[in-house]
Amino acid sequence: MSKVLFVYAKGGPPLGYALSRVAARSAVHLLALSALPPSVTASADRLCASVLIPSEPERHDLVSLIVSRAQEVGADAVVTFSEYAVVAVAEACEKLGLAGAGNSCALARDKRMMRRTWQDQGISQPRFRPVATEQDLHDAAATLRFPLLLKAAWSAGSTAHRTIRCAGEVRAAWERAREVMAESAQLGYAELHVAGAGADFIVEEIVPGTAEEWFDQEGWGDYVSVEGVVVDGDFRPVCLSGRMPTVEPFTERAGITPAALPHDAQRRIVALARDAVDALGLRNCGTHTEIKLGADGRMWVIETAARFGGAMTVPQIEEVFGLDLIGMLTDHLLGRPVSWPAEARTPQEAHGAAGSLVVLAVDGAGEAWPDRRIWDFPTVHDNVPLSAGSRLSVVAENSLPDGTSVPVYDPAAGANTMAALCLLSATDPETVIRDFRSLVDALPEVLPHGTTEAQS
């Protein structure tokens, strides 16, 4: 039987979901670089041939650790679905002679190198500058057009994003972004292979997006993501995911599969995503490419990742289009034939729709809730009316336990201050949008009030 070394770290699709798909194709040996979610511990023991949690000293040379563990278990493939481990796994695969993202994987991880590569290729993107010091940020602010967005070069999940509207906000933005990166590292949301990555930033102009010219229905955000895979260097788009509007500054609130776009718009978006992915020279990996939508058909590439979209993006694709992307990629890495889609699936080919909602303590306008509330999914399930045929569930692995105080939303910390992740299945993407808007409006009303003890 074939063997796969699964390198786990925080981020990516839920571990329980991913493990079950890989285990259906191969014996799985789990190398856990982050603590396993409590809800997954039992299933990991059942699904995996071995589970290794390395000591802190062993993690100092992560590539060597992955290589040695792969050799010990006789792995025929090495996989990861975490943003924070993709570079290390790609380098390990190169040393092992196994199929992987390739030696240019860092271009899809370090936003500075990514943007420079696209700049050299003439690919549409916001104007940007790399910054390593506060003075760099002051200098960049003097040459770029406000408003600006400061973001960590190696971050994920909108962590450490800060909006800068004038030169007087530069110092505070720089200090807070660095604080958040340090806090995120303590929580395990940080690059695991590149030393000092938390100190690297870029600042970019905030381009004017619009959803109205692209979508027929209100409630959509002004950017989409193209989900896909690179197979032996050939980009294969799978489908497009849409979004609800982000929460200040740019924290994702919800992702919806499929994005309800006309065929011509989807075709143009996929073409830009192909240019962006091709420029990075990836070999074998999932991809997740975010594209901002503007007026008069303008588009800008925001970033690409050498892994599948996080949260529930991959499970949503399986539900809606019947494509088990994790299983398919595992088969490909093991050298088995896989029938990838010839072109990106359209909304007309979808069977219903699915969306995932990040529960944040902000209302539909992005304003903070007036008081503290306690997360309790049964209360939400029983008291928030949804459309006929819609089904709501909670992703326990990515959610706080019922009875936990909902964190106060911190714009700089982004998704680090989420309370829960909910999954909605519905008849079409328009219904997902409508139900999510109802859910966001209802949460601060139906959730139990927080107590002094819960808030402490």
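Taking the criterion of being within 25 Å of D410 (Cα to Cα), touching a strand residue (DSSP E or B) at 6+ places or on another chain (Cβ under 9 Å) and modelled with pLDDT under 95, would at least one residue in segment 142-149 satisfy it? Within segment 142-149 (the criterion being within 25 Å of D410 (Cα to Cα), touching a strand residue (DSSP E or B) at 6+ places or on another chain (Cβ under 9 Å) and modelled with pLDDT under 95), the answer is no, since none of the residues qualifies.
Taken together, the criteria exclude P407 from residues that are in contact (Cβ under 8 Å) with a residue 24 or more places away in the chain, surrounded by 15 or more Cβ atoms within 10 Å (Cβ to Cβ), farther than 30 Å from P237 by Cα and in contact with a His (Cβ under 9 Å, 6 or more places away or on another chain). Reported count of residues in segment 327-361, each being of a type in the set (A, V, I, L, M, F, W, C), closer than 28 Å to A9 by Cβ, in contact with a Ser or Thr (Cβ under 9 Å, 6 or more places away or on another chain) and outside any loop (DSSP other than H, G, I, E, B), is 4.
Only one of the listed residues (I269, I202) is crowded, with 18+ Cβ neighbours inside 10 Å and touching a helix residue (DSSP H, G or I) at 6+ places or on another chain (Cβ under 6 Å). That residue is I202. Looking across segment 86-100, the residues that are touching a helix residue (DSSP H, G or I) at 6+ places or on another chain (Cβ under 8 Å) and either free of Cβ contacts under 8 Å to residues at least 40 places away in the same chain or buried (at least 24 other Cβ atoms within 10 Å of the Cβ) (or both) come down to V86, V87, A88, V89, A90, A92, K95, L96, G100.
Yes or no, residue by residue, for (1) outside any strand (DSSP E or B); (2) under 20 Å from the mean Cα position of the chain (by Cα); (3) among the polar types (S, T, N, Q):
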residue	(1), (2), (3)
G198	yes, yes, no
E213	yes, no, no
E218	yes, no, no
S241	no, yes, yes
G255	no, yes, no
R268	yes, no, no
A273	yes, yes, no
A276	yes, yes, no
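Annotation: C422 fulfils all but one of (1) surrounded by fewer than 16 Cβ atoms within 10 Å (Cβ to Cβ); (2) of a type outside the set (V, I, T); (3) within 30 Å of R176 (Cβ to Cβ); the unmet one is (1). Kindly establish whether S124 is surrounded by fewer than 22 Cβ atoms within 10 Å (Cβ to Cβ) and not in a helix (DSSP H, G or I). Taking the combined requirement at face value, the residue satisfies it.
The values are calculated or read from the model by the stated rules, or taken from the named source; none is laboratory data. Since we're looking at a predicted model, the values are computed, not measured. Methodologically, a virtual Cβ is constructed for each residue, glycine included, from the backbone with ideal geometry; neighbour enumeration extends over all protein chains shown.
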